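Please treat every number below as a calculation from the coordinates, not as lab data. In this text, all values refer to a predicted model and were calculated from it rather than measured experimentally. Reconstructed Cβ throughout: ideal geometry from the backbone, glycine too, with neighbour counts over all protein chains shown.
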Amino acid sequence: MDDRPIGMFDSGFGGLTVARALIDLLPEEDLVYIGDTGRYPYGPRPLDEVREFARQIARRLVDDHEVKLVVVACNTAGAAALDLLRSELEVPVVGVIEPGMRAAVRVTRNQRVGVIGTVGTIRSGAYPRALTETGGAVSLTCAACPGFVEFVERGETDSEQVHVLAERLLRPVMEAGVDTLLLGCTHYPFLARTIGEVMGRDVVLVSSADETAFEVRTLLGCTGLGRGPGGRGQHRFLSSGDVEVFRELGRRLLGPELDEVELVVWPSF
């Protein structure tokens with residue numbers, strides 16, 4: 001048994017989809033979540049800058065919170081820094097890109113898969129590389145969706161404006177005839193209703209949150225890092241932005257587990 005918490009971070013609220021899946025699947029585990037809302041969104045930023053943010057946050061989780069595992073619950077940060085973090089940290093590191101890609105390959109029926117993500121994630125080529133690692137004979141169409149993250153961070157997940165934006169940004173994957181769409185940003189499940197309406201009922205939406213939670217459970221079991229069944233875990237949430245905004249919006253998105261939010265302050269580079 002290992003009583004240390006699981007660490008997790010995202011640029012803001014998106015990783016709460018992964019946190020929700022982890023809390024449901026592993027209710028006995030403690031969790032420390034850092035939402036870097038003071039510096040969001042990551043998507044338009046240069047990957048080198050995102051890489052330094054990810055190193056800083058992951059190191060804070062390991063050094064100050066003594067986590068036993070780090071979940072990079074942000075596709076952009078994962079694309080920029082996952083391999084680096086795995087080489088630098090003394091604890092296991094799990095991303096959201098590979099689990100999501102494996103799930104999409106399993107689900108597709110016509111072997112045409114779409115991926116939508118931030119500009120940084122799509123530009124990085126992380127999803128084509130992840131597809132190659134699966135060995136799946138799948139045609140992949142990628143599309144950047146700038147603006148989606150900002151709508152989620154403002155709590156506007158079902159407005160007419162976001163629906164109009166979705167119709168325009170999703171056109172490339174619709175024209176490609178995909179039957180499976182991978183939501184390549186942990187913010188996007190909060191827009192699932194709008195995205196599903198635009199794509200049509202025949203297209204399956206795949207979120208990496210559940211797949212990532214399953215991967216964490218498997219890793220904890222294989223390494224002996226699991227806390228063991230029974231009991232209820234404690235959940236800490238930290239934000240580098242306005243903690244009251246994070247608490248109010250985060251509670252609506254995650255649920256009652258998000259009760260108090262602590263402020264985290266970064267030293268300047």
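Annotation: peptides 50-60, 237-247, ranked by per-residue average of other Cβ atoms within 10 Å with the highest first, follow the order 50-60, 237-247. Its relative contact order, with pairs defined as Cα atoms under 8 Å and 6+ residues apart, puts the chain at 27 percent.
Ordering L170, S208, V67 by Cα displacement along the dipole of the chain toward the positive end leaves L170 in first place; charges were set at the Cβ atoms of Lys, Arg (+1) and Asp, Glu (-1). When I195, I116 are arranged by Cβ crowding within 10 Å, least crowded first, meaning fewest neighbours, the order is I195, I116.
The angle between the Cα long axis of helix 160-169 and the main principal axis of the chain comes to about 70°, on a 0 to 90 degree scale.
Would you calculate, for the chain, the mean residue ellipticity at 222 nm contributed by helices, counting each DSSP H stretch of 4 or more residues as -39,500 (n - 2.57) and dividing by all residues, to the nearest 500?
Values: 12 runs with 126 residues, N = 269.
Mean residue ellipticity, 222 nm, calculated: -14000 deg cm²/dmol.
Can you give the net charge of the other residues whose Cβ lies under 15 Å from the Cβ of D179, counting K and R as +1 and D and E as -1? Write out the running numbers ahead of the final one.
Numbers: positive: R106, R109, R112, R201; negative: E175, D202.
Combined, the nearby Lys, Arg, Asp and Glu give +2.
Using the Cα coordinates of segment 107-236, the gyration tensor eigenvalues translate into equivalent-ellipsoid semi-axes of 28, 21, 13 Å, sorted from longest to shortest. Proximity of backbone amide H atoms, modeled 1.01 Å from N, is registered between F237 and Y33, E262 at under 5 Å, excluding neighbours fewer than 5 places apart on the same chain.
With a cut-off of 11 Å between beta carbons, the residues surrounding R39 carry a summed charge of -2, where Lys and Arg count +1 and Asp and Glu -1.
Net charge dipole, segment 97-208: roughly 380 debye, given to the nearest 20, about the Cα centre with Cβ charges of +1 for Lys and Arg and -1 for Asp and Glu.
Please identify every one of the GluC sites (Glu not before Pro) in segment 132-213 that sits in a loop by DSSP and has no more than 16 other beta carbons within 10 Å of its own beta carbon. Present the calculation step by step, with values, prior to reporting the outcome.
Numbers: sites: E133, E150, E153, E156, E160, E167, E175, E197, E211; in loops: E156.
Of the GluC sites (Glu not before Pro), the ones in loops of segment 132-213 whose Cβ has at most 16 other Cβ atoms within 10 Å are E156.
Structure remark: mean-square fluctuation, Gaussian network model of the chain, C-alpha springs under 10 Å; the largest value among D64, D36, D179 belongs to D64. In order along segment 140-146, the Karplus-derived 3J(HN,Hα) couplings, from 6.51 cos²θ - 1.76 cosθ + 1.60 at θ = phi - 60°, round to 10, 10, 10, 9, 7, 10, x Hz, and Gly and Pro are given as x. Taking a sphere under 9 Å around the Cβ of F237 and counting the other residues whose Cβ falls inside, with K and R at +1 and D and E at -1, yields a net charge of -2. Compute the separation of the alpha-carbon centres of segment 1-72 and segment 216-268 and state it in Å as a whole number. Going from one Cα centre to the other spans 8 Å.
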